[in-house]
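First comes the structure, then the notes that go with it.
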Amino acid sequence: MVAGSCRILNYGVLLPLFSVLAVAFMHANGVYDIGLPVGSSFALIFLTLVHLTIGPLFGTPRTATVSYTVGIAPFIPKQYNQIGLFVFTAIFFIFAYIISYKESDILTTLGKILNPIFLLLLFLIFLIAFLFPMGDPNSVAAVKSYSSASASFINGFLEGYNTMDALAGLAFGVTIITAIKQMGKKEDKSVAIVTAKSGIFSMSAIGLIYLLLIVIGAMSLGRFKLSSDGGVAFSQIVQSYAGIFGQAILAALIVLTCITTAVGLVAAFAQDFHAHYSKLSYHQWLAISCMAAFLVANCGLETIISWSKPALMLLYPIAIVLIILSVFTNIFKKNKIVYRTSIIFTLIPAIFDMIVSMPTVVSRSAFGMGVAHIRNMLPLADQGLSWLVPMLVGLIVGTIIFKFKTNK
């Protein structure tokens, strides 16, 4: 199980790392610059959709609902869960707004205050779990969906969509670049080098944390049954070691984790939207983002997840293509032909995947069934990767045209 999980870990960490490197290699200020070689209109649409998806429509509300569901809800009687969620999310996004209000203070607040507290609490949980293990992780067999290298890759890859990490890596580019420039780095080359180094370091640290979580999760199977919900499993582990006190630590850990993510998301949303829709100020966009996220969060976690999947099925393939082209920008030279053919070949099956993954009111309609029939003719459609082969075809066709014109 641990070996298979490590393969999933690699895919889950490498793609967000490449998204940060894409920002660095392109000397980009954010999502807009990553999509600009396709065209300015495409870049603006892509920026808007990415920020709405990881921002107020899905990603940012999830930071509040997850922290409430895993950390706070166990302390609240079930009949008061809805009002508890309302009060918690209101306080949560007020704090996110206050922390994000001064752009120059975001790095200080996150880097010097919230993140160290989060890491200290997480280290404490890891220390206790390894000092008093619940079982032997090497004795646990892998579940069927992760029993082989190919199954591990595909399932881990698609599950990675739900983390939104790759999209966040692109979207946080504007916040990262702003912070680096405030540290005294002004030249594009210097900013790119610092971005690449910080990205490699941070993703390595995330990889280590994922690995340790995988191991203590495997050890916990010596005492608990397998759970499909990582939050529930982690809650069981902490409560087993420390009871109600442990649950309080977990609540603090989850809330700190989610508030730091929420701050980054609302700040990136406000910075990029102010840059491209400048009629509203940074603070106005910040207020809109926090208010919209608060309203969506009160729809509940299950509703948010069910509607976020179609958006991710559309945006993730496009983001992956742009990340690949950006990381290898020295080869493709931001050539519009390569970019446009790759995007067009990827976009069509991605739209099919989006429609098929919508809630049943759409996916099981006559229209949805018709789209599913066409989509199922594509290679790897049954694995959720119908866009992969067309993307490779588009990339190859665009590269051949680019090389032909260059040589001519």
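The values are calculated or read from the model by the stated rules, or taken from the named source; none is laboratory data. Treat the numbers as computed from the prediction; the structure is a model and nothing was measured. Don't worry about glycine lacking a Cβ; one is built from the backbone with ideal geometry, like all the others, and counts go over all protein chains shown. Remember, those area values only see protein heavy atoms, side chains included, never the ligands or the DNA or RNA. Shrake-Rupley method; radii C 1.70, N 1.55, O 1.52, S 1.80 Å.
Among the residues of the range 148-164, is any farther than 21 Å from Ile216 by Cβ and modelled with pLDDT of 70 or more?
Within the range 148-164 (the criterion being farther than 21 Å from Ile216 by Cβ and modelled with pLDDT of 70 or more), the answer is yes, since at least one residue qualifies.
If you check Leu226, Leu250, which single one turns out to be within 30 Å of Pro133 (Cβ to Cβ), modelled with pLDDT under 80, surrounded by fewer than 21 Cβ atoms within 10 Å (Cβ to Cβ) and of a type in the set (A, V, I, L, M)?
Values: Leu250 fails: surrounded by fewer than 21 Cβ atoms within 10 Å (Cβ to Cβ).
Every option except Leu226 fails the conditions.
Is it the case that Leu392 is within 28 Å of Asp33 (Cα to Cα) and open to solvent by 10 Å² or more (accessible area, probe 1.4 Å)? Walk me through how you get there before you give the answer.
Values: within 28 Å of Asp33 (Cα to Cα): yes; open to solvent by 10 Å² or more (accessible area, probe 1.4 Å): yes.
Answer is yes for this residue.
It is to be established whether one or more residues within the range 303-317 are closer than 18 Å to Ile91 by Cβ and either free of Cβ contacts under 8 Å to residues at least 40 places away in the same chain or within 16 Å of the chain's Cα centre (by Cα) (or both). Show your work before the answer.
Here is the first cut: in the range 303-317, the ones closer than 18 Å to Ile91 by Cβ are none.
There is no residue in the range 303-317 that is closer than 18 Å to Ile91 by Cβ and either free of Cβ contacts under 8 Å to residues at least 40 places away in the same chain or within 16 Å of the chain's Cα centre (by Cα) (or both).
Within the range 356-367, is there a residue that is surrounded by 18 or more Cβ atoms within 10 Å (Cβ to Cβ), part of a helix (DSSP H, G or I) and not assigned by the TED database to the domain that holds Phe118?
Yes.
How many of the residues making up the range 320-344 are buried (at least 23 other Cβ atoms within 10 Å of the Cβ) and of a type outside the set (Val, Ile, Thr)?
Result for the range 320-344: 5.
Pairs only if they're at least six apart or on different chains, beta carbon under 7 angstrom, first in the range 65-94 and open to solvent by 30 Å² or more (accessible area, probe 1.4 Å), second in a loop (DSSP other than H, G, I, E, B); list them, first residue then second.
Qualifying pairs under 7 Å: Phe86/Asn298.
Return a yes/no flag: does the range 256-274 have any residue that is open to solvent by 40 Å² or more (accessible area, probe 1.4 Å), out of contact with any Pro (no Cβ under 8 Å at 6 or more places or on another chain), within 17 Å of Gly55 (Cβ to Cβ) and not hydroxyl-bearing (Ser, Thr, Tyr).
Going through the range 256-274, the residues open to solvent by 40 Å² or more (accessible area, probe 1.4 Å) turn out to be 257, 261, 274.
Imposing the further condition that a residue be out of contact with any Pro (no Cβ under 8 Å at 6 or more places or on another chain) reduces the set to 257, 261, 274.
Keeping just the survivors that are within 17 Å of Gly55 (Cβ to Cβ) gives 261, 274.
Then keep just the ones that are not hydroxyl-bearing (Ser, Thr, Tyr); that gives 274.
Yes: the range 256-274 contains one or more residues that are open to solvent by 40 Å² or more (accessible area, probe 1.4 Å), out of contact with any Pro (no Cβ under 8 Å at 6 or more places or on another chain), within 17 Å of Gly55 (Cβ to Cβ) and not hydroxyl-bearing (Ser, Thr, Tyr).
Any residue at all in the range 191-201 that's in contact with a Gly (Cβ under 7 Å, 6 or more places away or on another chain), of a type outside the set (Phe, Trp, Tyr) and under 28 Å from Ile45 (Cα atoms)? I'd like the intermediate steps shown before the answer.
Here is the first cut: in the range 191-201, the residues in contact with a Gly (Cβ under 7 Å, 6 or more places away or on another chain) are none.
Within the range 191-201 (the criterion being in contact with a Gly (Cβ under 7 Å, 6 or more places away or on another chain), of a type outside the set (Phe, Trp, Tyr) and under 28 Å from Ile45 (Cα atoms)), the answer is no, since none of the residues qualifies.
Taking Phe294 as the residue in question, decide whether it is open to solvent by less than 90 Å² (accessible area, probe 1.4 Å), over 27 Å from Ser41 (Cα atoms) and either in a helix (DSSP H, G or I) or in contact with a helix residue (DSSP H, G or I) (Cβ under 9 Å, 6 or more places away or on another chain) (or both). I'd like the intermediate steps shown before the answer.
Working: open to solvent by less than 90 Å² (accessible area, probe 1.4 Å): yes; over 27 Å from Ser41 (Cα atoms): yes; either in a helix (DSSP H, G or I) or in contact with a helix residue (DSSP H, G or I) (Cβ under 9 Å, 6 or more places away or on another chain) (or both): yes.
So Phe294 passes the test.
Looking at Ala372, Ala350, Ala319, can you tell me which residue is outside any loop (DSSP other than H, G, I, E, B) and more than 24 Å from Ser41 (Cα to Cα)? Break it down into steps so the answer makes sense when it comes.
Working: Ala350 fails: more than 24 Å from Ser41 (Cα to Cα); Ala319 fails: more than 24 Å from Ser41 (Cα to Cα).
Matching residue, one of Ala372, Ala350, Ala319: Ala372.
If we scan the range 385-405, do we find a residue that is more than 23 Å from Leu167 (Cβ to Cβ), modelled with pLDDT under 90 and outside any helix (DSSP H, G or I)?
So far as the range 385-405 goes, no, none of its residues is more than 23 Å from Leu167 (Cβ to Cβ), modelled with pLDDT under 90 and outside any helix (DSSP H, G or I).
Out of the range 19-60, which residues are open to solvent by 50 Å² or more (accessible area, probe 1.4 Å) and either of a type in the set (Gly, Ala, Ser) or at pLDDT below 80 (or both)?
Phe25, His27, Asn29, Ser40, Ser41
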